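What follows is a single structure, written as structure tokens, with notes after it.
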Amino acid sequence: MTDIPEDHPRYKSLLTRELLVKGVKDGITSMQGLIAQGRGEAFDYLLGERTTGSAAEAERVAVAMMLLANRPVISVNGNAAALVSEELCELSKALDAPLEVNLFHRTEERVGKIINLLRSKGASTVYGDNPDKLIPGLSHDRAKAASKGIYAADVVLVPLEDGDRCEALVKMGKRVIVIDLNPLSRSARTATVAIVDNIVRAVPNMTAMAREMKNQSPAALEDIVKGFGNEKALAQALDEMMDNVKNAK
Ligand code: PTJ
């Protein structure tokens, strides 16, 4: 990895890039993952590289939804594994939700490496190496799912998702939470809850919230979920981006 000085004004962003490049070298992240990160970075720049008010609210709703779920599952791809493997394990514990590796550019070797990485960071249950079901309506490898994992889940957290699978999971009757910096993406628009934030900020935020909210009553958690509308939240995210751009003039 290139040694990035901590006083560099773009330290965090450059470090994120380094993690992804390392992910590619280690066989965790796909080459396409670098391009996806570039698109994410552009939106993050517009957002001011911060967790906005609407993102924090979406994170709270997502945590409440996961805590209320009977079978919550967290999906992990090559970008998520490179950027936040340890943080995802902590979130998995805080929410009592297993992890499942699900890849768009699937190779069994990469699935195995990501599972090993997650286990080395403390994950207990990780599905993905033995998918025995197919998500209906998807023709690519992303359809592969574990019968005890995503296939049976009632709520699925899918960071950096492609729109197709998000739509297919919603069609199966699941509540789908995406983390996607692009509020215009099909996944963000199809999701039950879209969190417009960088995964490196969103996942630790959600873990802290889960620890705080864990003892709230189901009625109190329902109240948090009830008031949420994804369309309105996405409109707010766009407003926050535009305000940030206007303030830069
Ligand atoms: O590891 P694989 O094979 O499953 O592949 C993973 C990628 C991400 C390559 C694959 O799912 C893909 O091509 O995704 P897309 O369709 O490019 O969508 C990724 C979305 O995530 C885009 O809308 C980006 O803006 C957004 N994004 C990228 N980096 C981040 C992000 N959102 C949050 N945090 C990020 N760091």
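Taking region 77-101, which residues are touching a helix residue (DSSP H, G or I) at 6+ places or on another chain (Cβ under 6 Å) and polar (S, T, N, Q)?
Once the filter is applied, which keeps residues that are touching a helix residue (DSSP H, G or I) at 6+ places or on another chain (Cβ under 6 Å) and polar (S, T, N, Q), region 77-101 yields N79, S85.
Out of the residues in region 127-147 that are under 24 Å from E90 (Cα atoms) and of a type in the set (S, T, Y), which is nearest to the ligand (Cβ to nearest atom)?
Y127
Name the residues in region 216-231 that are hydrophobic (A, V, I, L, M, F, W, C) and surrounded by 17 or more Cβ atoms within 10 Å (Cβ to Cβ), would you?
First, pick out the residues of region 216-231 that are hydrophobic (A, V, I, L, M, F, W, C): 219-221, 224-225, 228.
Hits for region 216-231 are L221, I224, V225, F228.
Each row is one residue, and each column tells you yes or no for (1) charged (D, E, K, R); (2) touching a Lys or Arg at 6+ places or on another chain (Cβ under 6 Å); (3) without any contact (Cβ under 8 Å) to a residue 60 or more places away in the chain.
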{"residue": "E18", "(1), (2), (3)": "yes, no, yes"}
{"residue": "I74", "(1), (2), (3)": "no, no, no"}
{"residue": "A81", "(1), (2), (3)": "no, no, yes"}
{"residue": "S85", "(1), (2), (3)": "no, yes, yes"}
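Determine if region 30-46 includes at least one residue that is of a type in the set (A, V, I, L, M), in contact (Cβ under 8 Å) with a residue 24 or more places away in the chain, crowded, with 16+ Cβ neighbours inside 10 Å and more than 9 Å from the ligand (Cβ to nearest atom).
Kept after step one, since they are of a type in the set (A, V, I, L, M), are these residues of region 30-46: 31, 34-36, 42, 46.
The next check asks that each one be in contact (Cβ under 8 Å) with a residue 24 or more places away in the chain; those that pass are 36, 46.
From the residues that got through so far, the ones that are crowded, with 16+ Cβ neighbours inside 10 Å too are 36, 46.
If we keep only those that are more than 9 Å from the ligand (Cβ to nearest atom) too, we end up with 46.
Yes, because at least one residue in region 30-46 is of a type in the set (A, V, I, L, M), in contact (Cβ under 8 Å) with a residue 24 or more places away in the chain, crowded, with 16+ Cβ neighbours inside 10 Å and more than 9 Å from the ligand (Cβ to nearest atom).
Please determine whether any residue of region 224-239 is in contact with a Phe, Trp or Tyr (Cβ under 9 Å, 6 or more places away or on another chain) and either modelled with pLDDT under 95 or not aromatic (F, W, Y) (or both). Spell out the reasoning first.
Initially, region 224-239 is screened for residues in contact with a Phe, Trp or Tyr (Cβ under 9 Å, 6 or more places away or on another chain), giving none.
No, region 224-239 contains no residue that is in contact with a Phe, Trp or Tyr (Cβ under 9 Å, 6 or more places away or on another chain) and either modelled with pLDDT under 95 or not aromatic (F, W, Y) (or both).
May I ask you to list the residues in region 98-126 that are in contact with an Asp or Glu (Cβ under 8 Å, 6 or more places away or on another chain), more than 10 Å from V76 (Cβ to Cβ) and more than 13 Å from the ligand (Cβ to nearest atom)?
G112, K121, G122
Can you tell which of L134, L118 is among the aliphatic types (A, V, I, L, M), buried (at least 21 other Cβ atoms within 10 Å of the Cβ) and at pLDDT 95 or above?
Details: L134 fails: buried (at least 21 other Cβ atoms within 10 Å of the Cβ).
Matching residue, one of L134, L118: L118.
In region 151-165, what residues are within 12 Å of the ligand (Cβ to nearest atom), surrounded by 22 or more Cβ atoms within 10 Å (Cβ to Cβ) and over 9 Å from the mean Cα position of the chain (by Cα)?
R165
Among the residues of region 166-215 satisfying the criterion of being of a type outside the set (A, V, I, L, M) and buried (at least 24 other Cβ atoms within 10 Å of the Cβ), which is modelled with the lowest pLDDT?
Initial filter on region 166-215 (of a type outside the set (A, V, I, L, M)): 166-167, 171, 173-175, 180, 182-183, 185-187, 189-190, 192, 197-198, 201, 204-205, 207, 211-212, 214-215.
Next, from what is left, pick out any that are buried (at least 24 other Cβ atoms within 10 Å of the Cβ): 166, 180, 197-198.
Values: C166: 94, D180: 98, D197: 98, N198: 97.
Here the answer is C166.
The values are calculated or read from the model by the stated rules, or taken from the named source; none is laboratory data. Nothing here was measured: the structure is a model prediction, and the numbers come from that model. Reconstructed Cβ throughout: ideal geometry from the backbone, glycine too, with neighbour counts over all protein chains shown.
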